[in-house]
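The values are calculated or read from the model by the stated rules, or taken from the named source; none is laboratory data. Treat the numbers as computed from the prediction; the structure is a model and nothing was measured. Using ideal geometry, Cβ is built from the backbone for each residue, glycine included, and neighbour counts are taken over all protein chains shown. Each accessible area value is taken on the protein alone, full model and side chains, heavy atoms only, with ligands, DNA and RNA left out. Shrake-Rupley method; radii C 1.70, N 1.55, O 1.52, S 1.80 Å.
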Amino acid sequence: RHPGWPVRLGPLDVRAGTVELRGPRLFDGARWSRLRIRDRAYLEQWEPTAVEGWDERNALMSWPAQWSALRSMARRGTTLPFMITVNGEVAGQITVGNIVRGSLRSAWIGYWVAADRAGGGVATAAVALLTDHAFRHAGLHRLEATVRPENAPSLRVLAKSGYREEGLFKRYLDVAGQWRDHLCFAITAEEVSDGLVRRLVARGEARLP
Ligand code: ACO
């Protein structure tokens, strides 16, 4: 075990409903696959290129291997993987990955939210919950988010969350079949000692139930 895992985060009420984060479970496969196949057009343009093709990578059959890989990385302390639930139902994922300790204590954060739950503050709530957790309980000092400049909703999530733009990474990630430029955003622990969740609540964008 390492600090910060396993854990449940939330609940936090936003426009779309009650948001909670919990670890992935083997029986999440059916709903995960249904959402991912249904929302392909909306997700694929922003996600790392799937070598095997979208339908194979997101088939029900491929979940047990992904679940077990996430779980073992979480146990080793290199990843903090969460399912996002809205009113108790899986509605996306948020992950802190590539955790490097030592004198860096940094990682990336990434997320997706089902199309029919989007626009209701879910991703912003999830980013707030996981950022606070990573700094307070998982021993991290810096989180980094890389986003395609064309991804307006995700840029908005990071701006609302107080992530700072640090630069442009040229041809950074293989996304939707090509090497895509990404904007790099980051935040460090001392910038949010008051907590992102507290800020959301203070601005009236979220409520602690
Ligand atoms: N242009 C500008 N702003 C937009 C647009 C648009 N076309 N569409 C939505 N927005 C705004 C919304 O109005 C909202 O802002 P507001 O609260 O000020 O009105 C904001 O973008 C979205 O905020 P949330 O509701 O908290 O986010 P949501 O739950 O909708 O999830 C997400 C956002 C995760 C980016 C979702 O759209 C998604 O899953 N997209 C596909 C996958 C993806 O892009 N993942 C992110 C990759 S980058 C990364 O992980 C660091």
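Below is a table of values for the structure above.
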{"quantity": "Answer residue from the range 169-209, given it is of a type in the set (Gly, Ala, Ser) and free of Cβ contacts under 8 Å to residues at least 40 places away in the same chain and is least open to solvent (accessible area, probe 1.4 Å) among those", "calculated": "204"}
{"quantity": "Selected residue (criterion: most open to solvent (accessible area, probe 1.4 Å)) from residues of the range 142-168 that are away from the ligand (no atom under 12 Å from the Cβ) and in contact with a Leu (Cβ under 8 Å, 6 or more places away or on another chain)", "calculated": "165"}
{"quantity": "Candidate set: the range 91-118, residues that are of a type in the set (A, V, I, L, M), under 24 Å from residue 75 (Cβ atoms) and buried (at least 20 other Cβ atoms within 10 Å of the Cβ); chosen: the one nearest to the ligand (Cβ to nearest atom)", "calculated": "109"}
{"quantity": "Qualifying residues in the range 43-56 (those that are at pLDDT 95 or above and loosely packed, with under 14 Cβ neighbours inside 10 Å) - the one nearest to the ligand (Cβ to nearest atom)", "calculated": "55"}
{"quantity": "The range 39-54, subset of a type in the set (A, V, I, L, M, F, W, C) and touching a residue at least 12 places away in the same chain (Cβ under 8 Å), residue nearest to residue 180 (Cα to Cα)", "calculated": "46"}
{"quantity": "Filter pass, residue 194 being touching a Ser or Thr at 6+ places or on another chain (Cβ under 7 Å) and of a type in the set (Asp, Glu)", "calculated": "no"}
{"quantity": "Single residue of 75, 136 found to be closer than 20 Å to residue 197 by Cβ and more than 9 Å from the ligand (Cβ to nearest atom)", "calculated": "136"}
{"quantity": "Scan of the range 71-90 for residues that are without any contact (Cβ under 8 Å) to a residue 60 or more places away in the chain, in contact with a Ser or Thr (Cβ under 7 Å, 6 or more places away or on another chain) and more than 21 Å from residue 174 (Cα to Cα), ordered by number", "calculated": "73, 81"}
{"quantity": "Single residue of the range 119-133 satisfying the filter (hydrophobic (A, V, I, L, M, F, W, C), within 18 Å of residue 151 (Cβ to Cβ) and touching a residue at least 60 places away in the same chain (Cβ under 8 Å)) that is nearest to the ligand (Cβ to nearest atom)", "calculated": "122"}
{"quantity": "Subset of the range 6-20 (residues that are touching a His at 6+ places or on another chain (Cβ under 9 Å) and crowded, with 16+ Cβ neighbours inside 10 Å)", "calculated": "9"}
{"quantity": "Members of the range 21-33 found to be open to solvent by 40 Å² or more (accessible area, probe 1.4 Å) and either assigned to a helix (DSSP H, G or I) or within 14 Å of the ligand (Cβ to nearest atom) (or both), listed by number", "calculated": "26, 27, 30, 31"}
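Every residue, every condition in (1) in a strand (DSSP E or B); (2) over 21 Å from residue 173 (Cα atoms); (3) touching an Asp or Glu at 6+ places or on another chain (Cβ under 8 Å), yes or no:
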residue	(1), (2), (3)
44	no, no, no
65	no, yes, no
92	yes, yes, no
95	yes, no, no
104	no, yes, no
